[in-house]
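Right, one structure below, let's go through it.
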Amino acid sequence: MFGDLFEEDNEAFLGGGSKTQKGKDSKEDQVEQPPPPRGPVNLSGLKNQGGTCYLNSLLQTLLFTPEFREALFNLGQEELGCLADRNKPGAKVRVIPLELQRLFAQLLLVDQQAASTIDLTDSFGWTSKEESNQHDVQELNRILFSALECSLISTLGHDLINKLYHGIVVNQISCKECGNLSERQEDFLDLTVAVKGVHSLEEALYSMFVEEELFDGNNRYRCSGCNNLVRATKSAKLRHLPPFLTVSLLRFNFDFAKCERYKETGKYTFPLKINLKPFSEQADQAIADYDYELFSVIIHKGGCYGGHYHVYIRDVDELGNWQSPGEEKPKPKMSLKEMKINGLLDLDDPLSIIKTILAKEEGSGVRTDQLGQKLLEQVGISWNKKYRKRYGSIWKFIQQNSDVFYMDSDGSTVHLKCNKKPGLDSDDQTLLSSELLTCTNMSCEGQWFDFNDSIVLPIQIKDIQKQFEGKESAYMLFYRKSCLKRPSDARKNPKFKVPAHLIEETEQENMKLQKLRADFDLAKNLIEIHVHQGSKYHFFNGALHPFDQITSILNLHFDKRKTVRDLREVIYQQLGSKDDGSELTFAKRLPAGLHLYDHLTDDNESINNVGIKQGSDLFLWNGKEVNGVTLKTGIEFEPVLLNIICLNESKEITGGATEFKETQQCFARDTLLHDACEAVIQVEFSKEFNIYHQRKGQKFHSNNWTKYSATDFLKTISDLSLEDGDSILVVNPHNSDSCLLKQSGNELTLVLESEWLEVEYFPNRKSSQNEKKTVKVPADERMLLSEIKLKAIEELELEICLESKSCLRQIDRNGKLLPPVCGDATVNEAGVKLKSTLALCPGCAPTSTQIFLYYIVGADPQTEMEIVVEESTTVKECLKMLLDLTGLKGDCWHLRKVDWCYEVGEPLKQEDAVLKDVNILSGDTLVIAEGKLPPKGFLKLPVWIYPMQSYYSMVDQDYQTDEISYQISKLNISVSDVCEGELQYSGEMEISNEATVEDLKIQAMTLPYLHNISVPSAEFLRAWILEKKRPTKILKGNHNRLKKLNIESGSDICIQLLKKEENLGSKELLLKVQMSVPGEKQYYPAEDLIWDTTKECTALALRQRIASHFSLSLDQIDIAKYFPEKFEWMVVSSWTQQVTKRKKRKNKQCLQESPFYLKDGDIIGVKNLLVDSNKEFSTWKDDFGKEKIKQDKEDKKKRGQRVHFENEKTCTEKKPYSRCRKPEATLSINVGVFR
């Protein structure tokens, strides 16, 4: 059922040298790495094949069940066959028990950290990577036992599983009338016990084998003895107890409300020792026969869709070396604020926070009136601000959680309740606690280990208690009878009862492993050393260089555990010469060449201790000179290879580019910067020269040059932190081109022809292409835009007076001229990208106190014009300026702003506010819109007329129209001018926001389409708010002011004529209810239903109101809410509810919240179940609408794919995240036929 349950070159400067890092060619990689030996506990783990942690846990449990292990070893090859014959035709080889024997022998006797289960899983017939699938260990336990039983048929071990694990449960039904007793036996290999709703193993066994079920009343039992329906009791007992009791905990359940699996993580205790006599049928056996001891706990960590298994096992035969893991040092107590900062405190769970606060008080409790203050001080959260709206007062919260907290008799102090085991009184609780504590402290309970795949660690008994609850908790329990005693020969003897041929096989495996480890150890300590012969090197340009790169280096592979003296002997032996007392010196290959450092002085030290590593370089010489040149050694004389650059003044500048002369040269770290530069430029160096520095890897033509000061000239290369590859630029300021060398502070920018800005001349906004002139101006990010403008005017041969009468403007991708850029800003500050185009246009750029605006008249973008105004200009002044410029007359105009998505926004109502205050910025577009704004405090509202005939109706339209006309005629209302079927626009009204809803209705009666209708009073009108041309909200309370109802200017108002007076309250909802036509996918005309939600707004209350309206009983109707945008219906059921995670409490659901969001005007469909058995609410119109929505989505998708194809771009369609899980795979073990 629970399938899918549980789910790491640089070549040397001199050339010819080998790589110094471990790679393909290292000796260590060429030798097979042997498996590591056993750890300190002397127990072997099992390798995980990718998803076999469940198998490993069960196999270790079976191994440390001595009786099972020895029974398996007692089966010889004469019965099981020989693995060597497995492929011979006709041979009956029982592969599974044979491989299990081999695996157990390896785990007992082979010196390796972890054994492999590959051969065993191959014997299962797993050939399609089944080992990578994750399965349930409880399921494996049953399947493996079944496979072993089938494999051992017709052998002495045919009843191995039956003897050790088979038990019997008897179910009995006793008749209360005649005393007849009927029985049914059930065999089991493991007991499955419930976890949900119980708190301990004893409680679960009590409910299974002690409590009786009574058949009475409507649930009587038909007795086979008296053949009557009688009162009876049903019970179950353990009839036969096996030597080994396996208990499977049902921690995985299914939530039918959410339709998903979940794991029970609540506290579930189990004892180390248990007596099963109260749960057994036979009571005449010795008490010792009912006593069981825990010896294995399989643990699952994770959830129901993924996790990991490991197992705690008691070493009955003491095969391992158990050492106390030691007490964990108590961590310093963390304050609640620290827990909050570290994310250890769930701020959405006030229950756990208050429990933590009370737990810190250590039983003294907290005064009720101080609990809120404690919360504020220790967590920094106010109860009233964070939790009161949802949970009520803190006093109420404490009372609601009386199972967690209790108060003193006077209610002044609140305490935290101690957890007690359910079903036990205080005496039983004390007895059980002391028994558990005694068991925990008894050394006779044995040695416990944690087997976690390859890792085996010792644990203490108290660690088992940590597996009572949580995501990492016990999943299977294994008990053994206390009366089972082990022979003394088995203690600390892993070879006990192991067959001789398996002992011989494991000894050969150990010899093989010893040889592999010795070879690998040698390879691991073998390093490559490069010895450079001093006689074959010469010194120039600040470093050592070989005459011949091949013959100058001696490459050695040497054991780093040997001494320096041993190394010398090998070197002289390889060179074929005698030890002449030469020095061995550490060397390093640098970009400049080879440099020497420290001497090897102590010949008795090991190679590893003196710092010689893989790929180290050593230099063999006399310690003073090389070919007559005395050398300076050490890091302070290390050569640095620098790039020295200066302007090549012998060549002219062509095409805007500059010629540079670059020289690479080495200098020792103690060389002065002054001396280094003078050696390169070969002229006397003076303070007038400018020196710039750039780090390695930077682009040459960039702004990453830093100028050195005059005091830096006398510093050494080491003091200036210069490294190999750094560049030094030496510039004579009298001969450099100021246009190509731009200096800002201590930084320099080199400008080449590749960096430019294109300037296009626009004599006016509507210039043709023939009138436009273009020029490229060399530029960089630090140049002022005024310099670029001046240079462009010169290149374009324009009048110089244009400099003060023109500006530069950027051009967007559509060719639109953007606002002018400030001339005092740099290219970078103005956001102008190099190699882009700027427009040179007439007109001055706005100053810092001015705003550049676009404006259009109406909605025509072709009328767009430009204006520069002061920031202090008011909205009214700006409107007047624009009206003067456009020649528009009158005062029936106002301004609106175009937003970022080019849509016209709301009117700028604050006419006396300055532009800056209403968020008008440079580059914004204003629209001169027709219409005068209402005075301050007044609203301008468009008014619509509600259709006389509801568009919700689908049948009997003629009847409905006639009925409404008749009802209205009785009120002397004329309907001649009312348009049916659609909302009819009636005009605009201007009304004060202090007016009431009644005033609005009275004023609406004066508008067209209503002034000819005789309406008795305002109570015969209903006022709606329209959203997307749909009535969504009713203006309720005739005396409520529009200001209080948050009515804004421009809100669409819809007026509906009524047949009777109406004045709805704020808690009343107006719904459109319509009864379905039996047998047809349509509805009768809708009816108005007023529902008072003062008491409650639940599904049950709504169903009761609708049932009362149609004179039907509650169980005779079904109702659903209509969502017209989606053409969908959502059934409103009185069973709909929410369950809180904390207390599993059912909350009443408010229909005005998710998912219904019930509001005025919503359509409610009603089904009369007496005459209509079809519970489908959708109509033909809905089916058509859904199909149209689906077709629109497909068309949109096709259009998107076509656009992507045309643009040759790859685009992945965004989809909501959904967790994809692998399909569940069945668990099976293939067994041959041995009957």
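Within segment 977-1019, count every residue that is charged (D, E, K, R) and farther than 27 Å from L933 by Cα.
Result for segment 977-1019: 4.
Can you name every residue in segment 504-531 that is touching a Leu at 6+ places or on another chain (Cβ under 7 Å) and farther than 30 Å from L596 by Cα?
T506
Return a yes/no flag: does segment 171-183 have any residue that is out of contact with any helix residue (DSSP H, G or I) (no Cβ under 8 Å at 6 or more places or on another chain), acidic (D, E) and farther than 30 Å from Q467 by Cα.
yes
Looking only at segment 587-619, filter to residues that are hydroxyl-bearing (S, T, Y) and more than 20 Å from Y537 (Cα to Cα); which one of those is farthest from the chain's Cα centre (by Cα)?
Selected residue: T601.
Tell me, yes or no, whether segment 2-12 has at least one residue that is touching a helix residue (DSSP H, G or I) at 6+ places or on another chain (Cβ under 8 Å), surrounded by fewer than 21 Cβ atoms within 10 Å (Cβ to Cβ) and either assigned to a loop (DSSP other than H, G, I, E, B) or modelled with pLDDT of 50 or more (or both).
yes
Give me the pairs, please: first residue somewhere in segment 709-724 and of a type outside the set (K, R), second residue anywhere and surrounded by fewer than 13 Cβ atoms within 10 Å (Cβ to Cβ) and not in a helix (DSSP H, G or I), beta-carbon distance under 6 Å, and either six or more positions apart or on two chains.
Here the result reads A710/K687, each pair linking segment 709-724 to a residue that is surrounded by fewer than 13 Cβ atoms within 10 Å (Cβ to Cβ) and not in a helix (DSSP H, G or I).
Restricting attention to segment 1149-1190, report how many residues are surrounded by 14 or more Cβ atoms within 10 Å (Cβ to Cβ) and in a loop (DSSP other than H, G, I, E, B).
Qualifying residue count for the region: 14.
Would you mind finding the one in F254, F209, F244, F215 that is more than 19 Å from I298 (Cα to Cα) and either in contact with a helix residue (DSSP H, G or I) (Cβ under 9 Å, 6 or more places away or on another chain) or among the basic types (K, R) (or both)?
F209
Please find, within segment 604-626, the residue that is modelled with the lowest pLDDT out of those that are acidic (D, E) and surrounded by 14 or more Cβ atoms within 10 Å (Cβ to Cβ).
Ranking the candidates gives E605 first.
Select from segment 891-946 the residues that are hydroxyl-bearing (S, T, Y) and not in a strand (DSSP E or B) and write down the one among them that is surrounded by the most Cβ atoms within 10 Å (Cβ to Cβ).
Y946
Go through segment 271-307 and give me each residue that's within 46 Å of the chain's Cα centre (by Cα) and among the charged types (D, E, K, R).
K273, E293, K301
For (1) of a type in the set (D, E); (2) buried (at least 20 other Cβ atoms within 10 Å of the Cβ), each residue gets a yes or a no:
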{"residue": "I1053", "(1), (2)": "no, yes"}
{"residue": "G1065", "(1), (2)": "no, no"}
{"residue": "E1068", "(1), (2)": "yes, no"}
{"residue": "Q1074", "(1), (2)": "no, yes"}
{"residue": "P1078", "(1), (2)": "no, no"}
{"residue": "E1087", "(1), (2)": "yes, no"}
{"residue": "T1093", "(1), (2)": "no, no"}
{"residue": "E1096", "(1), (2)": "yes, no"}
{"residue": "A1101", "(1), (2)": "no, no"}
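Where in segment 1020-1104 are there strands (runs of 3 or more DSSP E), lying wholly inside it, with at least 2 residues that are over 23 Å from P934 (Cβ atoms)?
Because the criterion is at least 2 residues that are over 23 Å from P934 (Cβ atoms), the strands (runs of 3 or more DSSP E) in segment 1020-1104 that meet it are 1030-1034, 1053-1057, 1068-1075, 1087-1092.
Does R480 count as within 30 Å of H135 (Cα to Cα), surrounded by 13 or more Cβ atoms within 10 Å (Cβ to Cβ) and within 48 Å of the chain's Cα centre (by Cα)?
yes
Scan segment 590-620 for residues that are closer than 19 Å to L554 by Cα, part of a loop (DSSP other than H, G, I, E, B) and among the charged types (D, E, K, R) and jot them down.
Correct list: K613 only.
Tell me, which residue of segment 36-47 that is surrounded by fewer than 19 Cβ atoms within 10 Å (Cβ to Cβ) and in contact with a Leu (Cβ under 9 Å, 6 or more places away or on another chain) is farthest from V247 (Cα to Cα)?
Checking each candidate, the answer is P37.
Okay, residues lined up against (1) surrounded by 15 or more Cβ atoms within 10 Å (Cβ to Cβ); (2) within 45 Å of the chain's Cα centre (by Cα):
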| residue | (1), (2) |
| --- | --- |
| K462 | no, yes |
| K485 | no, no |
| D489 | no, no |
| N493 | yes, no |
| E504 | no, no |
| Q533 | yes, no |
| I553 | yes, no |
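If you take the residues in segment 788-836 that are basic (K, R) and exposed (fewer than 15 other Cβ atoms within 10 Å of the Cβ), which one is modelled with the highest pLDDT?
So the residue we want is K833.
Check whether at least one residue in segment 210-226 is in a strand (DSSP E or B), modelled with pLDDT under 95, under 28 Å from M476 (Cα atoms) and among the aliphatic types (A, V, I, L, M), and report yes or no.
no
For F558, indicate whether it is over 26 Å from F539 (Cβ atoms) and surrounded by 15 or more Cβ atoms within 10 Å (Cβ to Cβ).
It is true that F558 is over 26 Å from F539 (Cβ atoms) and surrounded by 15 or more Cβ atoms within 10 Å (Cβ to Cβ).
Among residues belonging to segment 179-210 that are closer than 26 Å to T265 by Cβ and of a type in the set (S, T, Y), point out the one that is surrounded by the most Cβ atoms within 10 Å (Cβ to Cβ).
Here the answer is S200.
The values are calculated or read from the model by the stated rules, or taken from the named source; none is laboratory data. These numbers come from a predicted model, not from an experiment. Neighbour counts are summed over all protein chains in view; Cβ atoms, including those assigned to glycine, are modelled from backbone coordinates with ideal geometry.
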